[in-house]
Every structure is written in structure tokens, then in C-alpha cells.
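One structure is given here, and the rest of the page talks about it.
Values in this text are rule-based calculations from the coordinates and carry no lab data. Only a predicted model underlies this, so the values are computations on that prediction, with no experimental measurement involved. Glycine gets a Cβ as well: all are built from the backbone with ideal geometry, and neighbour counts include every protein chain shown.
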Amino acid sequence: MQILVTDAFWELFPAARIGLVVARGVDNTGAEGQPAALLAEAIAASAAALEGADMASHPAVAPWRTAYAQFGAKPSKFRSSIESLLRSAQSGRLRSISPLVDLYNSVSLRYQLPCGGEDLAAIAGDLRLTRAAGGEGFRTIGADRDEPPAPGEVIYADDAGAVCRCFNWREA
């Protein structure tokens, strides 16, 4: 399997910077431990720093709203993962999910940039950061119906369909 960024993506975002970490042999079981503690610290720090903040104009959020608008997504409907995390931390709704998710959510909050993760064993073929043709299969975790991306939407896709929609909005 390869992880690819297509020309269609670079044409829209030529100055984008992308970071990637591949972790193998991760034990993502257990509810307690250091990742949960790191997340709790990040939530507390974020909530204090964000008190009374206007999220739409926040320096970590506004560029994502602009990026989403560039590919036709309404930023108030499709919120970037960092905006959703910051809003959840601000309101006290963010909770522990699993050690790995807690770890990357704590990094996202601490550095105010979106981080995400995929189980590479579940990827069919190559993983591509690209723009949707439209109609790629996509079903969010726990959903009972398909919600395919719109043509031109920035997605992560594999050979089976969209893995993550609207850049970093929602995962399958």
C-alpha cells in the first residue's frame, strides 16, 4: 500500500504542508493511562484559553474555513476536525475514546492543528488525498446510510470509496 497525494489536491492547495506518522503494533485497548491523562490536560488548557473566543475567526480555525470554501463545502455545516475539537473542549463535551484517538486529539488540541488516524489494515489498495469524482461510497461510523462526497470535495479515498470526507471533517 502507498499513501499518495494527487495532482488534483496540489492544484487546489499548492502551498499545503502535510505530516504523516505510521505506527505499527499499536495496542489501542484499555481506557486508562497516559493518553487519557494527556487528553484531559489538553482539554483543560484549551477550555481555559478559549473562554469567550469566537471560533469562526480563531487563528487555528479560520484558515480551515477558507480551505473548505475553496472546494465548495459550507464551513458552518462541515467543520474541520480542529474546529470540532476546539468547540468540544470549549463546551466541556470532549471525552476519551481510545488510547490512540486520545493521543492524537491531545496533540491536535495542544498544537491547534488537525490530526487523524486510520487503521491501515482496513485500507483497500492505496490511500489517496484527492478530490472526489462524486458518488464515492462513504458511511460514517455507526451510520446506516451512504453519504457520498460531492464532486470536487477533498477526501481521503481508497479503492473501496471515501475514507474521510471534507479534508478532515468526518471518517468512515
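In loop segments of region 1-44 as defined by DSSP, the GluC sites (Glu not before Pro) with at most 16 further C-beta atoms inside 10 Å of their C-beta are Glu32.
For the residues Arg139, Arg17, Arg128, a GNM of the chain with alpha-carbon springs under 10 Å puts the largest fluctuation on Arg17.
How big is the charge dipole of region 18-172 about its Cα centre, in debye rounded to the nearest 20, if each Lys and Arg gets +1 on its Cβ and each Asp and Glu gets -1 on its Cβ?
Values: 15 positive and 18 negative charges, 101 e Å.
Roughly 480 debye for region 18-172.
Listed values [x] -0.58, -0.66, -0.75, -1.02; [y] -0.58, -0.68, -0.79, -1.16; [z] -0.48, -0.57, -0.67, -1.02 include one computed from this model; for log10 I(q)/I(0) by the Debye sum over Cα atoms at q = 0.12, 0.13, 0.14, 0.17 Å⁻¹ that value carries the label [y]. Simple spin-label estimate for Tyr111 and Thr140 gives 2.6 nm between the two label positions (7 Å along the Cα-to-Cβ direction from each Cα).
Rounded to the nearest 5, what is the percent of antiparallel bridges among the DSSP beta bridges in the chain?
Here the antiparallel bridges make up roughly 75 percent for the chain.
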